Amino acid sequence: PEETVTGSFASFIHAVRPEHLSKTVCHRSKRMILDSIGVGLVGSTTPVFDIALQYCRLYSPVAVSSVYGKPGVKLSPTLAAFTNGVATHSMDFDDTWHPATHPSGAVLPALLAASQMLPAGTKPNGMDFLLAFNVGLEVQGRLMHFSTEAHNIPRRFHPPSVVGTMGSAAATAKLLSLSMAQCTHALGIAASLAGAPMANAATQAKPLHIGNATRLGFEAALLAARGMEANPLILDEIPGCSGFSVFYSVYQPKALSTPSEQHEFLLEKQDIAFKRFPAHLGMHWVVDAALSVRNLFINYAGSFSPSLIRTIVLKIPVSKYINRPFPSSEHQARHSFQFNACAALLDGEMGLSSFAETSIHRQELRELLDKVVVEHPEDNVANFDKMYGEVALLLHSGDVLTGKCDTFYGHWRKPLSKESLLKKFRSNASHVLPEEKIETIITMVDNLENLSDSSQL
């Protein structure tokens, strides 16, 4: 029934139309799509992607959907979605929303694969694709707003493995034009396929969370399309019987209104954060703070001289899985406040090469890490909308230099410019594509609403 929370979500997925997308939502979501493709392309150069691709090629008899960075290689649709999802998160370079999740990587690979799966004459156009993408974002955002716990950096479940699976199911259900009843069951099935523990952060298993979210949500929609049923109250709060509420200690669901002439998507009110370098979002605060204090140090001493530093004080939120004093792998380094602050101090910049093995194990970097002391001020909460990063250099001379960042460049309060976003995309895509194809993708995404066949993307 539509009066249930689950029914209201199914009704929204089924009823929302392209005209409900505002210019702002279209603009922001196209930026997300372009960035996500670029991140997936450079992610296709990583070892964890190679492992996922080798695995999927064992189980792909119907090869119709393309793989990032591998011209001529195709897999079955759901395995292509999985592989491309892994690529997207393989470097932790993908976009981040608030409440905290990585929304694009959990949705886009499923839609790309599904577009290629559909037979000629039934391919969705670019506007259908853009609408389905935004349905996937909207469902993720609405579900996260059901719990205050979701607003902070997570402790139990990795958010995209939870809401991302639901978003993928919703987006694919929309693209495949499922009935309202089928949309209901797709959400119910997806809930049984969702969830991954935070303990696998900073390991090669973490990119699987995005790969599984986009693949399993896709599979949930396909199963529902073939008649599989699930609990039609999966999103509702049922005393004594957990549905989607199992993922949150506090859960207060609200119905999603069926779109009338206008519908305000969450993306209209809450923009996205794009990362300038491939690491956990929290690292971007300490890096900008470190670069700020580095400039002060150079003005003070004439050059950056680590020998003049007695202690490096980091003031950061309490978040255990990104508080890593001495990371030993690239994935640990991407999740280490200490590493990112010290690497930025030493090099004056952060990029792909910052997380290479040769960079991580430098003696001069280890010497800086030995000087780090961590503090957790009470006003610095583990929340991407409220936290800050502060780096103080206590010098042997007795002087103290301090850099602080409460909004890094790329945060939703300080969005990347068009030029910066295109620079990031071109740099990422250039690892696997020639210039003419890179420019074709840019033009295609920029004019996505006019594309007659979205599988061309």
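The values are calculated or read from the model by the stated rules, or taken from the named source; none is laboratory data. Being a predicted model, the structure only gives us computed values, none of them experimental. Glycine gets a Cβ as well: all are built from the backbone with ideal geometry, and neighbour counts include every protein chain shown. Side chains are part of the model used for accessible areas, which takes the heavy atoms of the whole protein and leaves out ligands, DNA and RNA. Shrake-Rupley method; radii C 1.70, N 1.55, O 1.52, S 1.80 Å.
Inspect all residues belonging to the range 56-76 and state whether any of them is assigned to a helix (DSSP H, G or I) and of a type in the set (Ser, Thr, Tyr).
Taking the range 56-76 and keeping what is assigned to a helix (DSSP H, G or I), we get 56.
Those left that are additionally of a type in the set (Ser, Thr, Tyr): none.
Checked against the condition, which is being assigned to a helix (DSSP H, G or I) and of a type in the set (Ser, Thr, Tyr), the range 56-76 yields no hits at all.
In the range 175-272, which helices (runs of 4 or more DSSP H) lie fully inside it and hold 2 or more residues that are under 18 Å from the mean Cα position of the chain (by Cα) and within 25 Å of Pro18 (Cα to Cα)? Lay out the reasoning, then the answer.
Values: elements: 180-191, 206-225, 266-269.
By residue number, 206-225, 266-269.
Keeping to the range 90-113, report how many residues are touching a strand residue (DSSP E or B) at 6+ places or on another chain (Cβ under 8 Å), open to solvent by less than 10 Å² (accessible area, probe 1.4 Å) and part of a helix (DSSP H, G or I). Walk me through how you get there before you give the answer.
Restricting attention to the range 90-113, the residues satisfying the condition of being touching a strand residue (DSSP E or B) at 6+ places or on another chain (Cβ under 8 Å) are 95-98, 102-103, 112-113.
If we keep only those that are open to solvent by less than 10 Å² (accessible area, probe 1.4 Å) too, we end up with 95-97, 103, 113.
Checking the rest, the ones that are also part of a helix (DSSP H, G or I) come to 113.
Within the range 90-113, residues that are touching a strand residue (DSSP E or B) at 6+ places or on another chain (Cβ under 8 Å), open to solvent by less than 10 Å² (accessible area, probe 1.4 Å) and part of a helix (DSSP H, G or I) number 1.
Results for (1) within 24 Å of Phe277 (Cα to Cα); (2) within 15 Å of the chain's Cα centre (by Cα), shown as yes or no for each residue.
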| site | (1), (2) |
| --- | --- |
| Pro77 | no, no |
| Asn84 | yes, yes |
| Asp92 | yes, yes |
| Thr96 | yes, yes |
| Pro99 | yes, yes |
| Ala114 | no, no |
| Gly136 | no, yes |
| Met144 | no, yes |
| Arg156 | no, no |
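In the range 121-157, what residues are under 20 Å from Glu268 (Cα atoms) and of a type in the set (Phe, Trp, Tyr)?
Phe129, Phe133, Phe146
Within the range 372-420, can you find the residues that are surrounded by 16 or more Cβ atoms within 10 Å (Cβ to Cβ) and either of a type in the set (A, V, I, L, M) or without any contact (Cβ under 8 Å) to a residue 60 or more places away in the chain (or both)?
Answer for the range 372-420, where residues must be surrounded by 16 or more Cβ atoms within 10 Å (Cβ to Cβ) and either of a type in the set (A, V, I, L, M) or without any contact (Cβ under 8 Å) to a residue 60 or more places away in the chain (or both): Val372, Val381, Ala382, Met387, Val391, Ala392, Leu393, Leu394, Leu395, Leu401, Leu416.
Can you tell me how many residues in the range 119-129 are open to solvent by 30 Å² or more (accessible area, probe 1.4 Å) and either of a type in the set (S, T, N, Q) or on the phi < 0 side of the Ramachandran plot (or both)? Give the derivation first.
Initially, the range 119-129 is screened for residues open to solvent by 30 Å² or more (accessible area, probe 1.4 Å), giving 119-123, 125, 127-128.
Applying the additional criterion that residues be either of a type in the set (S, T, N, Q) or on the phi < 0 side of the Ramachandran plot (or both) yields 119-120, 122-123, 125, 127-128.
Summing the residues that are open to solvent by 30 Å² or more (accessible area, probe 1.4 Å) and either of a type in the set (S, T, N, Q) or on the phi < 0 side of the Ramachandran plot (or both) in the range 119-129 gives 7.
Determine which member of the set Val5, Val73, Val25 is open to solvent by less than 50 Å² (accessible area, probe 1.4 Å) and touching a helix residue (DSSP H, G or I) at 6+ places or on another chain (Cβ under 6 Å).
Values: Val5 fails: touching a helix residue (DSSP H, G or I) at 6+ places or on another chain (Cβ under 6 Å); Val73 fails: touching a helix residue (DSSP H, G or I) at 6+ places or on another chain (Cβ under 6 Å).
Of Val5, Val73, Val25, the one residue that is open to solvent by less than 50 Å² (accessible area, probe 1.4 Å) and touching a helix residue (DSSP H, G or I) at 6+ places or on another chain (Cβ under 6 Å) is Val25.
Working only within the range 362-404, note down all residues that are among the β-branched types (Val, Ile, Thr) and under 32 Å from the mean Cα position of the chain (by Cα). Write out each step before concluding.
To start, the set of residues in the range 362-404 that are among the β-branched types (Val, Ile, Thr) comprises 372-374, 381, 391, 400, 402.
Of everything in the range 362-404, those that are among the β-branched types (Val, Ile, Thr) and under 32 Å from the mean Cα position of the chain (by Cα) turn out to be Val372, Val373, Val374, Val381, Val391, Thr402.
Within the range 1-22, can you find the residues that are charged (D, E, K, R) and assigned to a loop (DSSP other than H, G, I, E, B)?
Here is the first cut: in the range 1-22, the residues charged (D, E, K, R) are 2-3, 17, 19.
Hits for the range 1-22 are Glu2, Glu3, Arg17.
Among the listed residues Leu291, Leu308, which satisfies the condition of being modelled with pLDDT of 95 or more, open to solvent by less than 60 Å² (accessible area, probe 1.4 Å) and in contact with a helix residue (DSSP H, G or I) (Cβ under 7 Å, 6 or more places away or on another chain)? Walk me through how you get there before you give the answer.
Values: Leu308 fails: open to solvent by less than 60 Å² (accessible area, probe 1.4 Å).
Matching residue, one of Leu291, Leu308: Leu291.
With respect to Ser353, is the statement that it is over 15 Å from Asp288 (Cα atoms), open to solvent by 60 Å² or more (accessible area, probe 1.4 Å), part of a helix (DSSP H, G or I) and outside the structural domain of Thr46 (by the TED database) true? Steps first, answer last, please.
Values: over 15 Å from Asp288 (Cα atoms): yes; open to solvent by 60 Å² or more (accessible area, probe 1.4 Å): yes; part of a helix (DSSP H, G or I): yes; outside the structural domain of Thr46 (by the TED database): yes.
It is true that Ser353 is over 15 Å from Asp288 (Cα atoms), open to solvent by 60 Å² or more (accessible area, probe 1.4 Å), part of a helix (DSSP H, G or I) and outside the structural domain of Thr46 (by the TED database).
For the range 156-195, which positions are open to solvent by less than 10 Å² (accessible area, probe 1.4 Å) and among the small types (Gly, Ala, Ser)?
Ser161, Gly164, Gly167, Ser168, Ala169, Ala170, Ala171, Ala173, Ala186, Gly188, Ala190
Look through Arg57, Arg31 and report the one residue that is outside the structural domain of His335 (by the TED database) and either surrounded by fewer than 22 Cβ atoms within 10 Å (Cβ to Cβ) or among the aromatic types (Phe, Trp, Tyr) (or both).
Working: Arg31 fails: either surrounded by fewer than 22 Cβ atoms within 10 Å (Cβ to Cβ) or among the aromatic types (Phe, Trp, Tyr) (or both).
Only one candidate passes the filter, namely Arg57.
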